[in-house]
Structure formats: structure tokens, C-alpha cells
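Worksheet for the structure shown next.
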Amino acid sequence: MARYTDASCRLCRREAQKLFLKGERCYSMKCALERRSAPPGQHGLGRKKTSDYGLQLREKQKAKRFYGLLEKQFHNTFVKAAAKKGITGDNLLVMLETRLDNVVFRMGFASSRKEARQLVNHGHFTVNGRKVDIPSYQVAPGSVVAVKKKSHKSPKFEEIKDMQISVPAWISVDVAKLEGTVLNLPAREEIDTPIAEHLIVELYSK
């Protein structure tokens, strides 16, 4: 399975925005963006004006990096979103939000989407009682996402039981049981990821 293996902090510096790719580190002064905000590369400080195409491209790259998708994965998701009824941009964000790895992150069972993807890959989660180890799995409304019983004694999940977890309105979580339910598909105003999805639609519409 293809995946990004370079330094995660370079991506935040390139987008000049925190993408929260490294969990707790992103909230500390160790964050690379706090220490060095210029884009990576020797010409980072020289970048000034950006064309309309450049703005659209950067927005697409930012969305990809927020959710941890590669180019082909992101494009395929956009194609499926465009084929659905409704507003393409909204459909795209809803599909990204309801990926299993993102749902696990939103439920507070992982400190970052990257960690959530790894936990899902390692088979720590079930959906409606069945083990699912595919991060891109689309979780439907009413689905119960739970930590597998055998994984409950893991130090990672033991510490979660004592945590206060803040979750979006479209999700409910029972921390004691280490499980959560997707109540409904998120509305656009319930998605707090700072993405201007109309720019992505404009880019792919060319």
C-alpha cells in the first residue's frame, strides 16, 4: 500500500498552516511551524504572488494532507463525490470525514489521523461487530465503531478511558466501553477542517 514517508512537518510548512499530523507535538513549541514558518527549500522565502490556479492547487494539496490521502486516492474520492446528488464540495468533505480512520480520530481514539490510520491497519477496530482494517472504509450513519475486545488492555486504550473527549455533534462516544456511534452524516457547518472546497471543485472542473 502506497503511503507518504517523508517528514510530516514539511507538509505543514509548505501549506503555512498546522495540519495536525503529529498529534500532541503539533500543540507544543516543538511544532516545526512554530520554530520555522517559511516553506521548505532554499527558495521558500522567495515565494510571493500566487495565481488562481496556484491557490486552487494549494487548497487541494492541503485537503489531501489533512486527511492523509495520496493523489490517486483523493482524485477517486472526488470522482465519487461528483457522481452523488447534491453539492460536490460538500459531498467531498462528507466522504473524507466518514472515512474510518477519520472517524476513529474524531472519536478521540487516536491523537492524529496518521495514528488512527495505523491503528485501523493493525486491526484494532470493529464496525458493527466486524473487524475492519481498511482506513478508507466509509462509515454509514448508525454504525458503531469500537475498539476490538482484545485491544482493550493495550496501554494506548487504557489511558483513553480516563480522558475527557470532545467530539463533533454527529458522533457520540462511550469512553468506558471504548466505542462510538456515527449518529448522522456531518453537515457542512459541522466540519471544522479549514478547507475552501469550492477551489478544489474549480481545479478539477478545468
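The values are calculated or read from the model by the stated rules, or taken from the named source; none is laboratory data. Everything numeric in this text was worked out from a predicted model, so none of it was measured. Every residue, glycine among them, receives a Cβ derived from its backbone with ideal geometry; neighbour counts consider all protein chains shown.
For the reader, a short list of remarks on this structure follows.
- Any hit, the range 144-158, residues being at pLDDT 95 or above and closer than 22 Å to Lys80 by Cβ: yes
- Helices (runs of 4 or more DSSP H) lying entirely in the range 106-206 (those with 3 or more residues that are closer than 30 Å to Tyr53 by Cβ and among the aliphatic types (A, V, I, L, M)): 197-204
- Val94 being closer than 26 Å to Leu57 by Cα, touching a Leu at 6+ places or on another chain (Cβ under 6 Å) and modelled with pLDDT of 95 or more: yes
- Selection of first residues in the range 163-187 that are at pLDDT below 95 and surrounded by fewer than 11 Cβ atoms within 10 Å (Cβ to Cβ) and of second residues that are outside any strand (DSSP E or B) and of a type in the set (A, V, I, L, M, F, W, C), restricted to Cβ pairs under 9 Å at least 6 apart or on distinct chains, gives the following pairs, ordered by first then second residue: Met163/Val175; Gln164/Val175.
- Qualifying residue in the range 48-55 (condition: surrounded by 12 or more Cβ atoms within 10 Å (Cβ to Cβ), at pLDDT 70 or above and among the β-branched types (Val, Ile, Thr)): no
- Checked across the range 141-153, the condition of being loosely packed, with under 11 Cβ neighbours inside 10 Å and touching a residue at least 40 places away in the same chain (Cβ under 8 Å) holds for at least one residue.
- Residues in the range 191-206 that are of a type outside the set (A, V, I, L, M, F, W, C) and either closer than 23 Å to Ala83 by Cβ or at pLDDT 95 or above (or both) were compared, and the one that is farthest from the chain's Cα centre (by Cα) is Lys206.
- So Phe125, is it within 19 Å of Arg188 (Cβ to Cβ) and either in contact with a Cys (Cβ under 8 Å, 6 or more places away or on another chain) or touching a residue at least 24 places away in the same chain (Cβ under 8 Å) (or both): no
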